[in-house]
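Participant: This is the structure I have questions about; it appears just below.
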Amino acid sequence: MSEDNCLFCKIASGEIPSKKVHEDEEFVAFYDIRPAAPVHLLVIPRQHIATLSEVTKKDAPLLGRMLILVANLAEQLGVAYTGGETGFRTVINTGPGGGQEVYHLHAHILAGPRPWSRM
Ligand code: 5GP
Ligand code: ZN
């Protein structure tokens, strides 16, 4: 499932170190090395999917579970929407036009007091 020379496949396997906050058989979540907000996590599937543009119907269960994991992690980190001014941002950059730098599907979770430096 892993692709040679993919940074996030190497992070998922542990070959490249990262500050992980969650790991299961399907997904890994870790802190972004260059945070754009006080809380900035990346959630990736272990399966190498390069971009959101290549997903098909068969990926629906995986994508659904990925989004649920995003919500669970936001809650675990204390940034879930619980009313008032609380909440977080979820971003999936796709292709050069979307500002994607790492070609392994990932969802950014951004939260915390503004201003944020980018995204
Ligand atoms: P993209 O622009 O592809 O949506 O986002 C890629 C993200 O990966 C960027 O926010 C960048 O800071 C982060 N990133 C790049 N290399 C590494 C790394 O080696 N470790 C971690 N933890 N994050 C990385
Ligand atoms: Zn990969």
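The values are calculated or read from the model by the stated rules, or taken from the named source; none is laboratory data. The structure presented is a predicted model; accordingly, all values stated were derived computationally and were not measured. Reconstructed Cβ throughout: ideal geometry from the backbone, glycine too, with neighbour counts over all protein chains shown.
Participant: Please enumerate the residues belonging to the range 1-21 that are at pLDDT 95 or above and within 16 Å of His106 (Cα to Cα).
Facilitator: Cys6, Leu7, Phe8, Cys9, Lys10, Ile11, Ala12, Ser13, Ser18, Lys19, Lys20, Val21
Participant: Would you please name the residue that is farthest from ligand 1 (Cβ to nearest atom), looking only at residues in the range 26-37 that are out of contact with any Phe, Trp or Tyr (no Cβ under 6 Å at 6 or more places or on another chain) and outside any strand (DSSP E or B)?
Facilitator: Filtering the range 26-37 for residues that are out of contact with any Phe, Trp or Tyr (no Cβ under 6 Å at 6 or more places or on another chain) and outside any strand (DSSP E or B), the one farthest from ligand 1 (Cβ to nearest atom) comes out as Glu26.
Participant: Scan the range 17-25 and tell me whether some residue there is surrounded by 17 or more Cβ atoms within 10 Å (Cβ to Cβ) and within 16 Å of ligand 1 (Cβ to nearest atom).
Facilitator: Among the residues of the range 17-25, at least one is surrounded by 17 or more Cβ atoms within 10 Å (Cβ to Cβ) and within 16 Å of ligand 1 (Cβ to nearest atom), which makes the answer yes.
Participant: Could you tell me which residue of the range 70-107 is nearest to Asn5 (Cα to Cα), considering only residues that are within 16 Å of ligand 2 (Cβ to nearest atom) and in contact with a Ser or Thr (Cβ under 7 Å, 6 or more places away or on another chain)?
Facilitator: Restricting to residues being within 16 Å of ligand 2 (Cβ to nearest atom) and in contact with a Ser or Thr (Cβ under 7 Å, 6 or more places away or on another chain), the top hit is Tyr103.
Participant: Filter the range 37-68 down to the residues that are out of contact with any Leu (no Cβ under 8 Å at 6 or more places or on another chain), among the β-branched types (Val, Ile, Thr) and under 22 Å from Met119 (Cα atoms) and list them by number.
Facilitator: Within the range 37-68, just Ile68 meets the criteria.
Participant: Same structure, new question: Consider His40 carefully, then state whether it is in contact (Cβ under 8 Å) with a residue 24 or more places away in the chain, surrounded by 15 or more Cβ atoms within 10 Å (Cβ to Cβ) and either polar (S, T, N, Q) or in a loop (DSSP other than H, G, I, E, B) (or both).
Facilitator: No: the conditions fail for His40.
Every residue, every condition in (1) in a loop (DSSP other than H, G, I, E, B); (2) crowded, with 16+ Cβ neighbours inside 10 Å, yes or no:
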| position | (1), (2) |
| --- | --- |
| Leu67 | no, no |
| Ala71 | no, no |
| Glu75 | no, no |
| Gly78 | yes, no |
| Tyr81 | yes, no |
| Asn93 | yes, yes |
| Gln100 | yes, yes |
| Pro115 | yes, no |
| Arg118 | yes, no |
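Participant: Then there is this: So His104 passes all but one of these: (1) assigned to a loop (DSSP other than H, G, I, E, B); (2) without any contact (Cβ under 8 Å) to a residue 40 or more places away in the chain; (3) surrounded by 13 or more Cβ atoms within 10 Å (Cβ to Cβ); (4) not charged (D, E, K, R). Which condition number does it fail?
Facilitator: Going through the list (1) assigned to a loop (DSSP other than H, G, I, E, B); (2) without any contact (Cβ under 8 Å) to a residue 40 or more places away in the chain; (3) surrounded by 13 or more Cβ atoms within 10 Å (Cβ to Cβ); (4) not charged (D, E, K, R), His104 breaks only (2).
Participant: List every residue pair whose Cβ atoms sit under 7 Å apart, with the two residues 6 or more apart in sequence or on different chains, where the first one lies in the range 1-22 and is within 20 Å of Leu73 (Cβ to Cβ) and the second, anywhere, is assigned to a loop (DSSP other than H, G, I, E, B) and aliphatic (A, V, I, L, M).
Facilitator: Phe8/Val102
Participant: List the number of the failed condition for Val28; all other conditions in (1) within 14 Å of ligand 2 (Cβ to nearest atom); (2) touching a residue at least 60 places away in the same chain (Cβ under 8 Å) hold.
Facilitator: Exception for Val28: condition (2).
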